[in-house]
Every structure is written in C-alpha cells, then in structure tokens.
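Notes for the one structure printed next.
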Amino acid sequence: MKLPLSWIKEYAEIPVAPDAYREKMIMAGDGVEGYEELGAGISGVVVGRIETVRKHPNSDHLMITTVDTGERVVQVVTGAPNITEASVGAYVPVAKIGATLPGGAHGSGLTKIKAGRLRGEVSEGMLCGGEELGVPDSLYPGAGVDGILIFGEPHPLGQDVKPILGIDDISFDFEVLANRPDCLSVWGIARESAAVFGTRFAKPEITVSERAKRTSDYASVDVLDYDLCPRYAACAIDNVRVAPSPMWMRKALHGAGMRSINNIVDITNYVMLETGHPMHAFDLDRVRGRRIVVRRARPGETLATLDGKERVLTGGMLVISDAENATGLAGIMGGEESEITESTKTILFECAAFDRTSVRLTSRALGMRTEASARFEKGVSPYTVGEAMRRACQLVNLLDAGDVAGGMIDIYPNPKPRPVIEADCGRMRRAMGVDVPDVEMARILRALGFEVELRGGALAAIPPEFRQDVDQEADLTEEILRLYGYRALRSTLPVGANIPGQRSPRMRLTDAMKSLLRAWGGYEIYGASFLRPAVLGWLNLDEGDPRLSPLALRNYLGEDTSIMRPTLVPSMLSALALNQSRKLDGCVLFEAAAAFETIVDGKPRAEGALPFERQTLCIGGYGDGFDFYKTRGLAESLLKSRGIICRVESGADNYYHPGRSARLIAPDGAVIARLGEVHPDVAERFEITGRAYLAQIDLGAVLERQAAITSVAEPPRYPAVSRDVALVMDDSVQLGPVMDTMARCGGLVESVRLFDVYRGAQVGSNKKSAAFALTFRAPDRTLTDAEVNPLLEAMLEELSDAYGAALRG
C-alpha cells in the first residue's frame, strides 16, 4: 500500500528523516518495503513567463521564445506544437542551464540541460511538458497535452515547479499484514506512527452541513442477509456538481498510486485511503425504484461491472441490487448501470461492512481483485462505518460537490460489544522475557488507542473500535513488546534437550525398496500430484470406478492441474512416453508417492474431510529384456525382501492386457500388488509404441504384513545340481501354480526360475513352451544323479496330471 508522507504528517508528527522513519516503523512491526521520492531527478526547473514568440528563420516547425525566469530573460528554441505567437504571457515550466530531468542516456537515469544551438539559434534551456516531468493529466490538468505544459494560473517567476505540480512528496510503500486491516489507511499508519514516536495522533474534527430533506426521502435500503452484511450505511447527495478535484486531493491520490477522476469518485477513493473504509457512489436516478437491497445473488444472475465485463453470478455471492436486478458486487465493484457521469444530479453514498470470507470467495470465483476487495478480505470494522460516511459528507461540503441530505440511513441491528481482556502483568513479562513495568504497559496500550485500567498486578484492556485482531492476553503481550522495542530482548541460548529426528517405518520401507530398485538399474521419477481429468478416461476404467470421482481442487491454476491424482499410472505412462520420444531404447522407472482416494472400502469421503492417501510404489518399463516375467520378478523380489511370499492370480485392472496381467495375493488374501503389460489401447492414448509394463505395490499393505528377519541360514556346504526343463502345455495354463508345484516336489528343490516362454508352430496352436531352471540341493550331502532323476520324473508326472504338461521333445 502506497501513501504519501505529507498525508500521514497531517495527522501525526514524524520528527525524523525518511530512512530513520522506515527503520523505526519496521522495528515496531509495521512493514515498510521502501519509499520513493516523487519528482526525483528533477532539479533546476522553475516557473517562467513567455515574453516573445517568433518563427525560427531556418525551420518550418521550430519557434524561438524569450522567457523570463525571474533571474533573467533567456532565449529557448522549442518545437512544441502548442507554442505559437498567441502563447505570449503564458506561464510554463523552464529547465534552466544545469537543470536535470529523468531519463538520461547510457543508463545514467538523468538528462542534464546544456546551452546549445538549434539550426543556428542559441537555446538557453528547455520548455517542459508533462511527459518530461512525469506528471500525468490526472494530477495536473493540461499535463497530458502534446506539447508544453502551460500553467492554469500565474505563479511567482523562478519558483520551483515541483510543489505546484504535486511532485514534491515522498511515497512510502507499506507491507500490511493480514491481521492488521486497520493499517490499510492513512489514519491507521498515522496512529501507528504517533505511538512509535511518542507524538499525538490528531484526527480531524468531522462536522457536516446537512439539508432538512432526509436520505430516507430519496431512497430506501433493505438488508436481507445480515450474516454477510452486519452494517450498511447510506447517505443521499442532491444537486451534485461533478467537477475536477482540487490540487491537494489530486496530489494525495497520486502519491497513493491512484488516478484522479472527478470530485465525487475521488471523494470515495480518498475516504477509502484515509479511513480504510471502501465506499461506493450510485447515480440514484439510475437505481430502479430508488431502492437498495443487500441480498444473495440468484443463481445464473448477470451483472455488468464497471470494468465493462458481464459477470455470471452464483447463489452464494452477495450483491447490491435495486428494485429489480443486481447493480453491484458487494465489497468488490459497482455496476455500469448506476455509474457516476457528468450528468449525474443525485447520488447515494454507500459505506458498509461485508463478511470477509464472502468477499474473498466471490473475488476469487470471478477473478476480480480491487482495492476495495483487498480491504474487505482482511476485514473492515463495522464500528467505524458511520465515521467514514460522515467524513465523506464533510468532503462533499468542503469541495462544494453537492447538498448533503440529513439523517443518513444506518442499518446496524446487532452491534457486538467490544471485549474486555483481563491480563496478568507478571505472566506477560515472563512471556516477553523483558522486564516492562506495569505502568509502561498501560502507557503503550493507551498510545495504541486501548482503554486500560490497572488493577494491582493485572490490567483490563478494551481494544479500540478499529482493532478486530486483539482478543486475548497474548495479543496484548505482542502489542506491548513491539512498541517497547525488540532490541530490549536479551540474547540467550536455547534451553531444553534436542530430540534427534528419525525416519518413520513407512519411510524406512520406502527407502529400502527404492534402494533395491536403483541397484537393479531403475531410475526414480517424481510426478506432480495433480492431473487433468481427461487422462482418467484413457485408462479403460469401469463405470462407477471410484478413481473416476477424484478430488477436485477449488483454486486450480489450470485444467491440467485441476484434480488430485487417484492413481500413479497416468504419471508413469506419461514418463515412459517421454523417454520413448527421446529415442531411449529401454528404461525402468519407479515412483513412490500417494494416490488420493475419495472412496475407501465403499465409503465416500465425508464433506470437508481430507482424502485417503494410499502410499503406492509404481514401477514401469519397456525395451528388450523387460517383459511380463521381468515385471513380476521385480515385484515378487521386493515383497520377498520384506518377508512376504505371495501367490499369483491372473487378471488386474482394465488398463492392463487381459491375458498378461496378474495380482500378487498375500497369505491372508489381501491384494498386495497388481502388474502386467499395458493394454494396447491405453498405450496408444499415451503415445507409447510397442509393449510397456507396469507394477503397482500397495506400500501400506506391505507395511502391515512385512516380517522381520529373525534368523540367517548358513551358507550351503554342498554343491547344487542344476537341471533345465522345457514343458509344453495349454496356453491358458498359468505358470505361477506350475512353479509352485515344482518347488514342492521331493523337498530338495532349492529354486525354480522361468527363463523362456515360446509360442509358435513347433509346439502347436493354443500351446506354449515354458523353460525352467531347477536347482536341487541337500543340506547334508552332495546329491547324485541317481537321487535327482527319480525326483525329476515324479515332478514331471505330477505336472502332467495337474496341468497336462509334457516334456518338450
């Protein structure tokens, strides 16, 4: 928030230089981002009077002038189109020899005026326009013309032009915290400044000259939603005389970064900046029925706002309406229908307190951010609405902008009493760590506007009407300490034992699995937790699948990041497609993250509750050597590392290939993992060519079932016997149960490993050949062929009976 220093000084004495003021305010907890000297870089520019004007003998567009600068008469050559023989006697800004102006060459930032010759004629200075001086037309009428700025009235010759043009001030940029909306005003900053420097805050005495005719004779006001509008005040102004604002008001607005428009609009902006209360003015002749209604919008209702845009409203938005339709967005922006124009004769001033949450939600929903909404979102005190309205009416009197009607309408049905805060002085001293006397505590709080009564070692404080952020002892402690001075705090070493942090069991599980995957050649990826809804439709999910009802974000940045991802699969497939598009022949990727579910065990998430975060490890890969069995092997090895042995069942989600997918089932029947080849249609939608594979492991389920390693087997003392076996069987036979049967035979099978699957004419249609590597070992002797061969024959016989498997010839 920008405010000119001169405006603050109208209400509080500031006895220090700008740098010291900034430092002192920052140390008192009032953020100051910096300050800017208006008119910086302008020097040596004074008022001059044009004495003569003649055409340049060597140019058809230059004029030669003589100008009286008070010290002497100088000759200045100018090419400005508005300087003619008729300009004699005009008062203009003249940059004398040695003067400086902003905008120098070579990065210097300043232009220095030197004597010179233009087409052979001497020029001893420069006549300045508003652009060279950085003065907009809204600050000084006539500054925006194409040419030289001509003063509207005489001024002493040789006088510095900066005070005349309103650019002799310093503009401070304050950073106001969300809990201090009272400081979003000149009065608020002046109050703080007076308290910090121990000077007096002198608020203006407000007196208003009113007509006998009352506001209620001009208009009526009804508030239908007191929960969103606790106080609403209105005052009619008749015989409105719309005109430019005086220089002192234009200067104040310019220093605050606002543009002067006309006296009526400027009054509302001036009062907002001065008191912190946003105001609005309606053209009462354009308000249907001359009736103001504060209500919630009707669903689908439309409103054309002052920025020229058509807004479609929803049912929860608070609007200001006339007898028929909405004519303004409460606390944000007025409507075009009731805008002030030069023909306006009767207006209605509005000053109100609107619910901060309502204003914030409406502002965000419509993408509108205004000076008014910024203040209402932080909170505007209902107590001081009437004072702000009277100040606006006083300015109408002062500017002779109209006739103020008597008896403003003030609807305030449920005023809340200010709280009385009981505080223990000793406890506050202990909290501060500074020995502040009781009397000094009371003095500081009174300087901030509190009503204070000392009672022995305690005090009772009533916050001022403009402070809505103070309601407990801790708040009083903070106020006292920041003004007493943070520098009074002594440096002390931390007290207490440091407790070292540690990884949670889930973190340790995730770390272990990621470490194994990295050791096996995998690369970790980090996907965003947000998705666009369209990608869920690419996964072939069944209608009614909970993942098709993801958690939607309220304030998303764009459609691509509008939902929380209910599965890690889209992120993994996108990453595989990206690597494939970069011409990588193959890769193995993995990600450990949360999938956000809104329905768990058939129960939907309660309204306002957080979603369930299912911790998942997702593995994806493609390329030579990476197939269904490699994917299954990775998943089974990871689970075995945690002491979990699973059985395999065919089938998984619809985004897997129906004949090349599986589920890993824990001994208690829980599904621990799903894996398989990506369905060709899904792969195509994600622009993946060839076969790709996925595995998803439920880390929460693993954490619940993992078993600690309690014993370690001795390394084998006797050599193993290896056999390779190729079996032909129906293509529909699952190989997992086949391998389980082989592992059980004879009790001497140490391991069974599948290393090849063949389908082709050599084994017949609807058949496949599976090749296994078998390892036999006995713990107490070296096995012989005479022992292994009978075991192998018995195994083949059992496989033939159970699965129709035959040894491949």
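The values are calculated or read from the model by the stated rules, or taken from the named source; none is laboratory data. None of these values were measured; they are calculated from a predicted model. Cβ atoms come from the backbone with ideal geometry, glycine included; neighbour counts cover every protein chain shown. Surface accessibility is based on the protein's heavy atoms, side chains included, excluding ligands, DNA and RNA. Shrake-Rupley method; radii C 1.70, N 1.55, O 1.52, S 1.80 Å.
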*When you go through (1) touching a Cys at 6+ places or on another chain (Cβ under 9 Å); (2) over 30 Å from Tyr556 (Cα atoms); (3) hydrophobic (A, V, I, L, M, F, W, C) one by one for Leu318, which number turns out not to apply?*
(2)
*Tell me, which residue of region 6-27 that is surrounded by fewer than 20 Cβ atoms within 10 Å (Cβ to Cβ) and among the aliphatic types (A, V, I, L, M) is nearest to Phe197 (Cα to Cα)?*
Ile14
*Of all residues in region 353-376, which are of a type in the set (Gly, Ala, Ser), open to solvent by 10 Å² or more (accessible area, probe 1.4 Å) and either in contact with a Cys (Cβ under 7 Å, 6 or more places away or on another chain) or within 18 Å of Ala388 (Cα to Cα) (or both)?*
Ala372, Ala374
*Exactly one condition in (1) closer than 22 Å to Gly527 by Cα; (2) buried (at least 17 other Cβ atoms within 10 Å of the Cβ) is not met by Arg660; state its number.*
(1)
*Selected residue (only one of Cys235, Cys183 is open to solvent by less than 40 Å² (accessible area, probe 1.4 Å), modelled with pLDDT of 95 or more and in contact with a helix residue (DSSP H, G or I) (Cβ under 8 Å, 6 or more places away or on another chain))*: Cys235
*Could you tell me whether Leu703 is of a type outside the set (Gly, Ala, Ser) and assigned to a strand (DSSP E or B)?*
no
*Please determine, by comparing only the residues of region 524-558 that are touching a residue at least 40 places away in the same chain (Cβ under 8 Å), touching a strand residue (DSSP E or B) at 6+ places or on another chain (Cβ under 8 Å) and assigned to a helix (DSSP H, G or I), which one is surrounded by the fewest Cβ atoms within 10 Å (Cβ to Cβ).*
Pro546
*Which strands (runs of 3 or more DSSP E) does region 35-125 wholly contain that include 2 or more residues that are crowded, with 16+ Cβ neighbours inside 10 Å and among the small types (Gly, Ala, Ser)?*
43-55, 91-102
*asked:* Which residue is farthest from the chain's Cα centre (by Cα), if the candidates are limited to region 281-317 and must be charged (D, E, K, R) and open to solvent by less than 30 Å² (accessible area, probe 1.4 Å)?
replied: Asp283
*Would you mind stating whether Ile164 is touching a Phe, Trp or Tyr at 6+ places or on another chain (Cβ under 8 Å), over 19 Å from Ile14 (Cβ atoms), crowded, with 16+ Cβ neighbours inside 10 Å and not polar (S, T, N, Q)?*
yes
*asked:* Considering only residues that are under 18 Å from Arg360 (Cα atoms), touching a helix residue (DSSP H, G or I) at 6+ places or on another chain (Cβ under 9 Å) and either of a type in the set (S, T, N, Q) or not in a strand (DSSP E or B) (or both), which ones fall in region 298-329?
replied: Thr305, Leu313, Thr314, Gly316, Met317
*Is it the case that some residue within region 651-660 is in a strand (DSSP E or B), in contact with an Asp or Glu (Cβ under 6 Å, 6 or more places away or on another chain) and touching a residue at least 12 places away in the same chain (Cβ under 8 Å)?*
yes
*Does any residue of region 555-567 turn out to be of a type in the set (A, V, I, L, M), in contact with a Leu (Cβ under 8 Å, 6 or more places away or on another chain) and under 23 Å from Pro658 (Cα atoms)?*
no
*Does at least one position in region 763-783 carry a residue that is open to solvent by less than 40 Å² (accessible area, probe 1.4 Å) and either under 30 Å from Met507 (Cβ atoms) or among the charged types (D, E, K, R) (or both)?*
yes
*Of residues in region 238-263 being of a type in the set (A, V, I, L, M, F, W, C) and either under 30 Å from Gly315 (Cβ atoms) or outside any helix (DSSP H, G or I) (or both), the one most open to solvent (accessible area, probe 1.4 Å)*: Ile261
_Condition check for Pro278: at pLDDT 90 or above, open to solvent by 60 Å² or more (accessible area, probe 1.4 Å) and under 29 Å from the mean Cα position of the chain (by Cα)_ = no
*Restricting attention to region 47-64, does a residue exist that is over 30 Å from Asn179 (Cβ atoms), under 54 Å from the mean Cα position of the chain (by Cα) and of a type in the set (Val, Ile, Thr)?*
yes
